[in-house]
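**Q** Got a structure here, written out as structure tokens. Questions coming.
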Amino acid sequence: MDINSITGLLLAGGMGRRMGGRDKGLLDLDGQTLASRVIERLRPQVGPLLINANRNLDTWRAYGLPVVSDEIGGFSGPLAGMHAGLRACTTPWLFTAPCDAPFLPLDLVSRLAAGVEAETTKLAVASCNGRLQQVFLLLHRELLPTLETYLNTGGRKIESWLESRERTVVDFDDSAAFANINTPEELTVPRPH
């Protein structure tokens, strides 16, 4: 699969409750924002890049990437961000990653793409140590109507939506690569780069 057929979406639309309400992607880790770290690792893996954000929009626009906000209000979770990304996406495929996972694998998108091609599915999700990494997704734009239906009927849980879809699961070995930073204390813990 050609990387130019895949749009990358940085999910940064949450409320940062465990960070005291701070916008997680804009927090500093060793002199660089979490979002900058994710973008740096994601940029060579995809074609166009988008940011999903619902506040601090001017700050997010300063990254020089298109910013899309949730169309479903109330900070409805990552599925609302994926919905906004799918609606803005101009490529057949969308890859999503959270803004607080600065060590994502450098071969993540290519391995998910190989998975959907091998199994001819429209959705691939990363897994590590038997646990789905459910916001690290590669999904086809054709899934937009089913996602809209799920959201419009009150669905918000990403795991429930994933369970209802035919999907490819791609296993990874390095759990540190999927580590996300959720609390102020985790910003100070030494981690692999």
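**Q** State which residue is farthest from GLY77 (Cα to Cα) when the search covers only segment 165-191 and only residues that are modelled with pLDDT under 90 and hydroxyl-bearing (Ser, Thr, Tyr).
**A** That would be THR188.
So that you can scan it fast, the table gives a plain yes or no per residue for (1) under 15 Å from the mean Cα position of the chain (by Cα); (2) crowded, with 21+ Cβ neighbours inside 10 Å:
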position: ASP58; (1), (2): no, no
position: GLY64; (1), (2): no, no
position: SER69; (1), (2): yes, no
position: LEU79; (1), (2): yes, yes
position: HIS83; (1), (2): yes, yes
position: LEU94; (1), (2): yes, yes
position: CYS99; (1), (2): yes, yes
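**Q** Could you grab me the full set of residues in segment 108-133 that are closer than 18 Å to ALA179 by Cβ and without any contact (Cβ under 8 Å) to a residue 12 or more places away in the chain?
**A** Answer for segment 108-133, where residues must be closer than 18 Å to ALA179 by Cβ and without any contact (Cβ under 8 Å) to a residue 12 or more places away in the chain: GLY130, ARG131.
**Q** Can we say ARG87 is in contact with a Phe, Trp or Tyr (Cβ under 9 Å, 6 or more places away or on another chain), basic (Lys, Arg) and in contact (Cβ under 8 Å) with a residue 40 or more places away in the chain?
**A** So ARG87 fails the test.
**Q** While we're here: Among the residues of segment 36-68, count how many are touching a residue at least 24 places away in the same chain (Cβ under 8 Å), part of a loop (DSSP other than H, G, I, E, B) and under 25 Å from LEU108 (Cβ atoms).
**A** 6
**Q** With a cut-off of at least 1 residues that are in contact with a Gly (Cβ under 7 Å, 6 or more places away or on another chain), name the helices (runs of 4 or more DSSP H) lying wholly within segment 86-186.
**A** 158-163
**Q** Sticking with this one: So VAL46 clears everything in (1) among the β-branched types (Val, Ile, Thr); (2) crowded, with 17+ Cβ neighbours inside 10 Å; (3) more than 15 Å from the chain's Cα centre (by Cα); (4) over 27 Å from GLY154 (Cβ atoms) except one condition, right? Which one?
**A** Only one criterion is unmet by VAL46, namely (3).
**Q** Taking segment 83-142 only, how many residues are in contact with a helix residue (DSSP H, G or I) (Cβ under 9 Å, 6 or more places away or on another chain), more than 18 Å from LEU10 (Cα to Cα) and at pLDDT below 95?
**A** 4
**Q** Taking segment 5-41 as the region of interest, how many residues are within 30 Å of GLU142 (Cβ to Cβ), at pLDDT 80 or above, buried (at least 20 other Cβ atoms within 10 Å of the Cβ) and not polar (S, T, N, Q)?
**A** Within segment 5-41, residues that are within 30 Å of GLU142 (Cβ to Cβ), at pLDDT 80 or above, buried (at least 20 other Cβ atoms within 10 Å of the Cβ) and not polar (S, T, N, Q) number 10.
The values are calculated or read from the model by the stated rules, or taken from the named source; none is laboratory data. Computed from a predicted model, the values in this text were never measured in an experiment. All Cβ positions, glycine included, derive from the backbone under ideal geometry; neighbour counts span all protein chains shown.
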